[in-house]
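A short worksheet on the structure shown next.
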Amino acid sequence: MTIFIDQDNVLNKFIQNCVIYINRLYQFDIRFVENDCKDWDVFKQIFPFASKKFTDEMSERVFSAPGFWSTMKIMDDAAEIMQKLISDGHEVYIATMPWKTARNCITEKTSWVEENLPFFGTENMIFCPNKKFLIGDVILDDAPHIIENTPHCKYRIIYDYPYNQNVEASFRIKSWNEAYSVISNLER
């Protein structure tokens, strides 16, 4: 099967790194975990009364900070399950959105994969701002707008977060082990 896997908040702990960098760059002491995030835009969630201009400028500074994209922690069991999927004969791609104004984004996302998934060929990374054109069997993503707009993927698996509870998907998973179980039982 052809499987597309999102990088941010699926393979890595993107929200956690946003909080780390907000605290570092602005000398804040925000304590926030992924399960608190009821809005896909983490900056809107953390600063609900701030102006859009403020959150846009903050996200721009965070996403452009050296090391932001390359220092995220990997999700529990992600490396092992990615390796299993490849060993099982699946065509696995990382389909990730490049942050349009962060010049270091693509380089750092690639470095992150090389460091955390050394068995994964970076030639199988797809940097695409619009995933609706992906054609395959499975897409595994956390973003509501991606799961709702990938008509050319037979199975849409959503990585469960509070911010995507109203999204319909073929399957909803809470861990990489669950993802493996679901994918292993799909019709080829």
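Bear in mind that the values in this text are calculations on the coordinates, not laboratory data. Keep in mind that this is a model prediction, so the values were computed, not measured. Ideal geometry is used to build each Cβ from the backbone, glycine not excepted, and the neighbour counts take in all protein chains shown.
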Ranking of F49, F28 by count of other Cβ atoms within 10 Å, fewest first
F49, F28
Per residue Cα convex hull volume for segment 1-111, in cubic angstrom?
114 Å³
Which value, in Å³ per residue, describes the convex hull spanned by the Cα atoms of the chain?
112 Å³
The alpha-carbon pair-distance distribution computed for segment 49-118, with 10 angstrom bins and whole-percent values, is 18, 39, 27, 13, 3
Whole-Hz Karplus couplings 3J(HN,Hα) for segment 125-136, θ = phi - 60° and coefficients 6.51, -1.76, 1.60, Gly and Pro as x, run 9, 10, 9, 9, x, 9, 7, 5, 8, 5, 10, x
Could you list log10 I(q)/I(0) for segment 84-152 at q = 0.26, 0.28 Å⁻¹, which the Debye formula gives when each Cα is one point scatterer?
-1.28, -1.32
Apply the Karplus parameterisation 6.51 cos²θ - 1.76 cosθ + 1.60, with θ equal to phi minus 60°, to every residue of segment 110-116 and state each ³J(HN,Hα) to the nearest whole Hz, in sequence, with x for glycine and proline.
5, 4, 4, 5, 4, 7, 8
The set of residues whose placed amide H lies less than 5 Å from the amide H of E91, leaving out same-chain residues fewer than 5 positions away, is T2, I3
Table column - 3J(HN,Hα) (Hz), segment 86-101, Karplus curve with 6.51, -1.76, 1.60, x for Gly and Pro
5, 4, 6, x, 7, 8, 10, 10, 9, 10, 9, 8, x, 6, 4, 10
Going through the cross-link list K44/K84; K84/K154; K100/K174, which pairs have a Cα-Cα distance over 25 Å in this structure?
K44/K84; K100/K174
Starting from the Cα gyration tensor of segment 135-188, take the square roots of the eigenvalues, sort them a ≥ b ≥ c, and report rounded, prolate or oblate (rounded when a/c is under 1.5, otherwise prolate if a/b is larger than b/c, else oblate).
oblate
If amide H atoms are built 1.01 Å from N in the plane of the peptide, which residues on other chains or at least 5 residues away come under 5 Å of the amide H of R172?
I158
Amide proton proximity set for I126, modelled H, under 5 Å, gap of 5+:
I94, A95, T96
Jot down the radius of gyration and Dmax of segment 14-64, Cα atoms only, both in angstrom.
10.0, 25
Between segment 52-80 and segment 104-172, the alpha-carbon center distance in angstrom
16 Å
Please give the peptides 79-89, 13-23, 173-183 ranked by average Cβ packing (other Cβ atoms within 10 Å per residue), highest first, as a rough proxy for protection.
13-23, 173-183, 79-89
